[in-house]
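Novice: Shown below is the structure under consideration.
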């Protein structure tokens, strides 16, 4: 790993951001959702549409010219934090979250919200270590796979 810089995404980053989403889908989500949910996700084009529409709003973690992670938020809600499996647990997620939380606070919001799923113990531990607290659980309708979503909040 070289020098990691956090920067604003550009149009040129979109293919790399899509690749990061594929990587995190394969390493985190696919093993935990039903084959039917995998098929729905793969055929929906949801990830590609998200990047096509919102990719340039993301902050990117750039490791010597390679995008290895990104974060996206809207208002007070962080809706995407993804780091390539090859770069996980190297502080990149923390750096991205630091920047997102600072921007949310600077925009005048009193708290930051985000979601993860009950199967994702690693993300729950990550968010708890960053002082997020669980405030709710509800069915995960995005995957239609019987998963439970956890809502976390941090002042």
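The values are calculated or read from the model by the stated rules, or taken from the named source; none is laboratory data. Keep in mind the model is a prediction, meaning the values are calculated, not measured. Here the Cβ is made from the backbone with ideal geometry for all residues, glycine too, and neighbour counts use every protein chain on show.
Novice: Based on this model, can you work out whether residue 108 counts as assigned to a strand (DSSP E or B) and either modelled with pLDDT of 95 or more or in contact with a helix residue (DSSP H, G or I) (Cβ under 7 Å, 6 or more places away or on another chain) (or both)?
Specialist: no
Novice: Answer with yes or no whether residue 93 is modelled with pLDDT of 95 or more, in contact with a strand residue (DSSP E or B) (Cβ under 9 Å, 6 or more places away or on another chain) and more than 17 Å from residue 8 (Cβ to Cβ).
Specialist: In short, yes.
Novice: Every residue in segment 139-155 that is modelled with pLDDT of 95 or more and in contact with a strand residue (DSSP E or B) (Cβ under 7 Å, 6 or more places away or on another chain), please.
Specialist: First, the residues of segment 139-155 that are modelled with pLDDT of 95 or more: 150-155.
150, 151, 152, 153, 154 - these are the residues of segment 139-155 that are modelled with pLDDT of 95 or more and in contact with a strand residue (DSSP E or B) (Cβ under 7 Å, 6 or more places away or on another chain).
Novice: Which one is surrounded by the fewest Cβ atoms within 10 Å (Cβ to Cβ) among residues in segment 24-54 that are under 20 Å from residue 97 (Cβ atoms) and touching a strand residue (DSSP E or B) at 6+ places or on another chain (Cβ under 8 Å)?
Specialist: 54
Novice: Can you find, within segment 1-16, the residue that is surrounded by the fewest Cβ atoms within 10 Å (Cβ to Cβ) among those that are over 18 Å from the mean Cα position of the chain (by Cα) and modelled with pLDDT under 95?
Specialist: Restricting to residues being over 18 Å from the mean Cα position of the chain (by Cα) and modelled with pLDDT under 95, the top hit is 3.
Each row is one residue, and each column tells you yes or no for (1) free of Cβ contacts under 8 Å to residues at least 24 places away in the same chain; (2) surrounded by fewer than 19 Cβ atoms within 10 Å (Cβ to Cβ); (3) not in a loop (DSSP other than H, G, I, E, B).
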{"position": "62", "(1), (2), (3)": "no, no, yes"}
{"position": "71", "(1), (2), (3)": "no, no, yes"}
{"position": "80", "(1), (2), (3)": "no, no, yes"}
{"position": "89", "(1), (2), (3)": "yes, yes, no"}
{"position": "99", "(1), (2), (3)": "no, yes, yes"}
{"position": "103", "(1), (2), (3)": "no, yes, yes"}
{"position": "114", "(1), (2), (3)": "no, no, yes"}
{"position": "127", "(1), (2), (3)": "no, no, yes"}
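Novice: Next up: Which of the numbered conditions does residue 153 fail, given that it passes all the others? Conditions: (1) without any contact (Cβ under 8 Å) to a residue 40 or more places away in the chain; (2) over 18 Å from residue 21 (Cβ atoms); (3) assigned to a strand (DSSP E or B).
Specialist: So the condition that residue 153 fails would be (1).
Novice: Right, another one. Out of everything in segment 17-57 that is farther than 18 Å from residue 116 by Cβ and not in a helix (DSSP H, G or I), what residue ends up being modelled with the lowest pLDDT? Step through it out loud before you land on a result.
Specialist: We begin by selecting, within segment 17-57, every residue farther than 18 Å from residue 116 by Cβ; these are 17-19, 22, 34-36, 38-40, 42-45, 48-49, 51-57.
The next check asks that each one be not in a helix (DSSP H, G or I); those that pass are 34, 45.
Working: 34: 86, 45: 92.
Of everything passing the filter in segment 17-57, 34 is modelled with the lowest pLDDT.
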